[in-house]
Amino acid sequence: MGGMSSDNIHGLVLALSSSVFIGSSFIIKKKGLMKAGVTGTRAGSGGYSYLKQPWWWTGMISMIIGEVANFAAYAYAPAILVTPLGALSMIISAVLAHYFLDEKLHIFGVIGCALCLVGSTTIVLHAPQEIQVKSVKEIWHFATAPGFLVYACIVLIVVGVLIYRFVPLYGATHLVIYVGICSLMGSLTVMCVKAVGIAMKLSFSGSNQFIYFQTWFFTVLLFGFILLQLNYLNKALDTFNTAVISPVYYVMFTSLTILASMIMFKNWDHQNASQIITEISGFVTIFSGTFLLHKTKDMGSPATESPKRSNASTRSRNESPTRPEL
């Protein structure tokens, strides 16, 4: 770490702490959602009985602590350093799910996770350095540039279509719907976090940034985006396997956040063909890992029967009508 600045070291420590709390919160909240589903309407079906569960609130507190640490990390270090460290929360969540939720990953799921990590690491190692900004007005200048405005509009339109068109039809069966909403909004959330975090850091240093309307505008957007993400993350956790949600969410969120950061700060202008090709290779590796995770998410599950066993069991029941069913 000798070559790292003190700010980057502070950001690194905060990001690592954030991953521990957030990774644990997935499992704790899942326990609360499971308990709530026994006595009330499940979150995946639109219910909110989990709000009465102490387990869910404990997980929520853990997530808040993690998000606060993550928030602070963005104020000290560039997004290209902080965001990829979310891989640690994925690993922690998968390990805890194995021991406390009895959620197993098939060997191909493990390979899918490895591919996702390799692809994300490739992008991180070859992505350009983020431009260092020193005021909220500078971020406002970047955020209102035509390129980023187009990206933000596309994200909001896609999220709107997913929520009003695809969630009612495929939300309960396709993991990518809920996670896609969280990841797309997350890429915009990080940009708001960067703005508000820098505003607070500069204000504590003596340069008050809260006299500018831009700071308050970013703050309002930040809270709105976070609430939307939490709602659909709860639905995803209550509907799908945690060990699959964590890596897919990490991959999509990291990729989109890096993309948003590159568009906003125009880092592509300083890259050569070799760097761009390497980044594209990283994205292909990520997509391959994600595909493998989706295709194998039910393999190795105790509750999953092979078609032959299922058919044999059905025939047995049909052939023995007088046998009592347990």
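In this structure the range 102-211 gives 49 Å² per residue of accessible area when probed at 1.4 Å with all protein chains present. Extension gain for the segment Val38 to Leu227, taken as residue separation times 0.36 nm less the Cα-Cα distance, is 65.5 nm to one decimal.
How high is the FRET efficiency between Phe210 and Leu156 when r is their beta carbon distance and R₀ equals 25 Å, given to the nearest 0.05? Don't skip to the answer; put the middle values down first.
On the way: r = 26 Å, r/R0 = 1.04.
Efficiency, rounded to the nearest 0.05: 0.45.
Give the peptides 213-222, 248-257, 173-182, 147-156 in descending order of average Cβ contacts within 10 Å, highest first.
My ranking of the peptides, most packed first, is 248-257, 173-182, 213-222, 147-156.
Of all alpha-carbon pairs in the range 236-286, indicate the percentage at a distance above 18 angstrom.
Working: 575 of 1275 pairs.
Roughly 45 percent, once rounded to a whole number.
Taking each residue as 0.36 nm, the span from Ile61 to Ile276 lengthens on full extension beyond its C-alpha to C-alpha distance by 73.4 nm. For the range 110-218, how big is the tail of P(r) above 22 Å, as a whole percent of Cα pairs? Cα-Cα pairs of the range 110-218 separated by over 22 Å account for 52 percent.
Cross-linked pairs Lys30/Lys194; Lys194/Lys235; Lys134/Lys201; Lys52/Lys104; Lys30/Lys104: Cα-Cα separations exceed 21 Å for Lys30/Lys194; Lys194/Lys235; Lys52/Lys104.
The values are calculated or read from the model by the stated rules, or taken from the named source; none is laboratory data. Here the structure is a predicted model, which means the values were calculated and not measured. Every residue, glycine among them, receives a Cβ derived from its backbone with ideal geometry; neighbour counts consider all protein chains shown. With ligands, DNA and RNA removed, areas are computed over all heavy atoms of the protein, side chains included. Shrake-Rupley method; radii C 1.70, N 1.55, O 1.52, S 1.80 Å.
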